[in-house]
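Before any comments, here is the structure.
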Amino acid sequence: MTRPRLSAFSVLTFSALIILTGCFGPPAPAPTSTATAPTTTAAPTTSPAAPTTTASPTAPTSLPVTPPSTATAPPSSAPASPPPTEEPAPAGLPEQVAPLTIYYVAIDDNGVSGPLIGCGDSLVATATAPVRFTDQVRPSVETLLANKSRDVGLSGLVNVLYQSSLTYASGELSGSTITIWLTGQFMLSGVCDVPRAKAQLEYTAMAASGATSAQVFVNGRPIDDVLSLK
């Protein structure tokens, strides 16, 4: 009789084990399969990481920064272009109003009234009424050449160029030397008029330009060569 009880008890325990294993056995693998599921769903976390790699939008923000810097370059170079248009401006002299200085000769003055020239004569500076000009050399020489009177008023001074038919062509100041070009012919009264005529032209040109020496060309030739034929 004891045998059947033991077998019945063993059957019960066996069936209980089966039930327990049926209840507790399957859940164990489920967590492992769900544990792997999060790892597969972790892929979305890597896909958001892609936007971080596409954070290259920050590169476009650096690109717009460079165009402004290049855009500012032209303005800085643009002011460099105006200086060519400003260069002609210094070539022009400002307009002014002032008396002109014209030189005439004091015969036999022997250098008392001014620089000694020629045959013991003096060269004397005179002033005109105020004249409007930009280049003082031209109006000064033209005023001298336009005077067709031998005597300069009651001053006792003489203009030896009064018979000459000379025209002012141009002038150039180079350093401390003024060079003037004339056209036309000299008409002088004697040998002593040669240094007088030359001195009148040179000193008048130097006074107008502020130069310390002068060169005179007549019809393209030095005045010394032209006057040596007289």
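Other residues with beta-carbon under 14 Å from the beta-carbon of G156 carry, at +1 per Lys or Arg and -1 per Asp or Glu, a net charge of -3. Taking amide H positions as modeled 1.01 Å from N, with prolines and chain starts lacking one, the residues under 5 Å from V218 and 5 or more places away or on another chain are L182, I223.
Quote the convex hull volume per residue of the stretch 97-227, based on C-alpha atoms, as a whole number of Å³. Mind dumping the intermediate values first?
Details: hull volume 12.9 nm³, N = 131.
With only Cα atoms used, the stretch 97-227 gives 99 Å³ per residue.
Subtracting the Cα-Cα distance of A129 and Y162 from their residue separation scaled by 0.36 nm leaves 9.9 nm.
Stretched out straight at 0.36 nm per residue, the stretch from V112 to D224 would grow longer than its current Cα-Cα span by 37.7 nm. Taking the Cβ-Cβ separation of Q185 and Q96 as r and a Förster radius of 41 Å, what is the calculated FRET efficiency to the nearest 0.05? Step by step, r from the Cβ atoms, then E = 0.80. For T126, the residues 5 or more places off, or on other chains, whose built amide H falls under 5 Å of its own are I102, Y103, Y104.
Any read-out appearing in this document is the output of simple, stated calculations on the displayed coordinates, not a laboratory observation. Please read all numbers here as calculations on a predicted model, not as lab measurements. Because the Cβ atoms are built from the backbone with ideal geometry, glycine has one as well, and the counts that use them run over all protein chains shown.
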